[in-house]
1. Which part of segment 64-87 falls in the paramagnetic zone of Val108, meaning amide N under 20 Å from the point 7 Å along Cα-to-beta-carbon?
2. With each run of n ≥ 4 DSSP H residues scored as -39500 (n - 2.57), what mean residue ellipticity at 222 nm is computed for the chain after dividing by its residue count and rounding to the nearest 500 deg cm²/dmol?
3. What is the order of Met58, Met1, fewest Cβ neighbours within 10 Å to most?
4. Roughly speaking, what is the stretch gain from Ala101 to Ser43, that is 0.36 nm per residue apart minus the C-alpha to C-alpha distance, in nm to one decimal?
5. Run the numbers for Ile68 and Phe322: contour at 0.36 nm per residue of separation, minus the present Cα-Cα distance, in nm.
6. Tell me, what is the Rg over Rh of segment 3-322, with Rh the Kirkwood radius over Cα pairs?
7. Provide Met159, Met40 in ascending order of the number of other Cβ atoms located within 10 Å of each residue's Cβ, fewest first.
8. In nm, give the distance between the simple-model label positions of Thr231 and Glu33, each being 7 Å from the Cα along the Cα-to-Cβ direction.
Amino acid sequence: MDAASFGMGKAVVATSNDVNSMYWNPAGLVDIESKQGALMHASYFAGIAQYDYAAYAMPIDEKSALGISIIRFGVDDILNTTELIDADGNIDYNRISLFSAADYALNVSYARKLNVEGLSLGINTKIIRRIIGDFANSWGFGFDLGAKYDTNNWQFGLMLRDITTTFNSWNIDEVEFKKIQGAIPGQNQELPESTEITLPKAQLGIARLFEVSKDVHLLTELDLNLRFTKTNDIISSDAVSIDPAIGFQADYNNIAFLRLGFGNFQNELQFNGVEELTFQPNLGAGFKYKGIQIDYALTNIGSVGNALYSNVFSIKIDFGKFK
C-alpha cells in the first residue's frame, strides 16, 4: 500500500507511522494524532492488473489507535476460450467471453503503546475473498502482528505476517471444470485442492533519520524479508531465505519528498542455464500541503530482471489539519 512506501522499495517496516501502517506494520498506527484517510491506485505490469486501496484510521486515546482498510487486486477482461471450439470442431470466436480474476481483503487493525517508552505493538486481522470468474471462489482469514521501537533518531520494526498461517477455502464450479478436464490428455483430470495455505513470514527493519541541514532531512531504512523455506532469494537455505530491501527519502521541510528504493533481490535462472542477480529499483516523489499528501512511485525502473514497470498513485488526508 501507499506510493510513498513503494518509492522506498517497500523498506518501511520500521518507519511507517500513518494510516497505511495497518499494512506495513500496525504498531505504527499509534503515531497518528488525528483521523486519517488514504486512497491508492496502482497500474501493475504496464496496465495488465489494477490495484486499489482505501483506508481510514483514528486514535482511540493517547495510547491506542484503530484502523480499517479495503483492498482489491484484479486482472479484468480475461478471455475465456474454454468454449472456443463447438461440438463439431469448428472455431467460433463468438463463443469467447470475458471474466475477471480478483482478490479482495478487509483489514481491521489495532495498535497500542506499551509502558516501555518508544515501544508499541499492533495486530491486523484480515478477511480475504478471491474470485476467478465463474470458475472458483474462496474465503480466507489470517492475522499479522507488528512491533516498533523508537529511540532518538533510530527506529526498529518487526512485522510477523500470517502468524497463524492464512487459510483460503475454495469452492470450485465442477460444471466449468469439466469443460477443460479432458482438454489436454493426462492433465486437469482431478479437482484442485480446496484449501490454500499462506505460510508465516517475517520482516525486520532498522532506520535512521539524518539532518542534512535545517530544512533538509534524509531517512534511510534497511529491511530483511524472511521466508522460512528455500527460495531463489540472494540468501537462501532450507531453514530461511532472506530478501533485503533498502530505501531512501529526502525531504524539504517535510513538504516535498524524493524517494529511491531497491528490493526483490533474487538469483534468477536465465535461459542459458546461468544464474543472474536481479533486483527491482523504484523511484518516487511526494508533496504535502495543509493535511493533504499526494505521492507517486514508478516501480522496476528500466525493467531490470525483464519485469514490467508499474505506476502507483496515492493520496493521504489528515483530517486534523482542517479544524
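What follows draws every value from the coordinates through simple rules; no lab data is involved. On a predicted model such as this, the values are computed, not experimentally measured, just so you know. Please note: Cβ atoms are built from the backbone with ideal geometry, for glycine as well, and neighbour counts cover all protein chains shown.
1. Residues 64-72 fall inside that zone.
2. For the chain, the value works out to -1000 deg cm²/dmol.
3. Working: Met58 17, Met1 26.
Fewest-to-most Cβ neighbours within 10 Å comes out as Met58, Met1.
4. Details: separation 58, 0.36 × 58 = 20.88 nm, distance 1.53 nm.
That pair, Ala101 and Ser43, stretches by 19.4 nm at full extension.
5. 89.3 nm is the gain from fully extending Ile68 to Phe322.
6. Working: Rg = 22.0 Å, Rh = 21.6 Å.
When Rh is taken as the Kirkwood radius, the ratio is 1.02.
7. On the way: Met159 30, Met40 25.
Neighbour counts put them in this order, fewest first: Met40, Met159.
8. Distance between the two pseudo-spin positions: 3.7 nm.
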